[in-house]
């Protein structure tokens with residue numbers, strides 16, 4: 001969303017559409033994860049315990065449709081990330097969700113920028129990710145509906161957090177149809 005905000009401020013960049021892939025919002029979650037440094041529970045955890053909890057979280061982001069090589073590469077990448085850099089990035093997007101995301105979404109809605117949200121999961125009351133089925137909605141989808149009423153929202157079934165990996169044809173077809181319908185024919189704003 002910062003890219004949208006920066007593009008609008010630049011005045012020489014035109015945004016013709018935005019696509020979200022299984023996005024969520026930390027403000028809508030029941031709590032932080034216990035390994036997050038701003039969660040009091042993290043103070044009693046060792047770095048190894050935090051790493052184990054992060055790996056468990058990432059494991060919940062894969063489905064039976066996720067190719068094993070993608071899963072292995074993602075988990076390996078997680079293990080090799082610089083911890084202070086990863087924590088800084090994580091803290092930044094948690095802060096963004098709490099302070100600026102609502103305004104950015106409202107600006108998209110006000111500008112009537114076409115938005116496609118491809119949602120495959122939600123977070124339950126215990127902060128656990130679960131797959132959505134067609135007809136279900138998530139708290140994130142409800143927020144988008146409130147801020148960007150014209151947004152197109154599609155549930156991508158048989159997927160976890162990586163719908164573009166788990167259901168690549170469905171995601172590609174949805175994005176192509178969205179672009180053909182909204183972006184190609186839309187005049188520059």
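Computed from the coordinates by the stated procedures, all read-outs in this text should not be read as laboratory data. Quantities reported herein were computed from a predicted structural model and do not represent experimental measurements. All Cβ positions, even for glycine, are placed from backbone atoms using ideal geometry, and neighbour counts span all protein chains on display.
For residue 181 and residue 87, compute 0.36 nm times the residue count separating them, minus their Cα-Cα distance, and round to one decimal in nm. Mind dumping the intermediate values first?
Details: separation 94, 0.36 × 94 = 33.84 nm, distance 3.91 nm.
Computed gain between residue 181 and residue 87 is 29.9 nm.
When the helices in the chain are scored as -39500 (n - 2.57) per DSSP H run of 4 or longer and the sum is shared across all residues, what 222 nm value do you end up with, to the nearest 500 deg cm²/dmol? Walk me through the numbers before you get to the answer.
Numbers: 8 runs with 87 residues, N = 189.
Here the helix-only value at 222 nm equals -14000 deg cm²/dmol.
Summarise the long-distance tail of P(r) for the stretch 5-45 by giving the % of C-alpha pairs beyond 17 Å.
Values: 489 of 820 pairs.
The share of Cα pairs beyond 17 Å in the stretch 5-45 comes to 60 percent.
Just 142, 48, 167 to compare: in a GNM of the chain, with alpha carbon springs under 10 Å, which one fluctuates most?
Among 142, 48, 167, the largest mean-square fluctuation in the Gaussian network model of the chain belongs to 48.
Put a dot 7 Å past each Cα toward the Cβ at residue 64 and residue 78; how far apart are the dots in nm?
2.1
Pick the calculated Rg/Rh (Cα atoms, Kirkwood Rh) for this structure from (1) 0.98; (2) 1.10; (3) 0.93?
(1)
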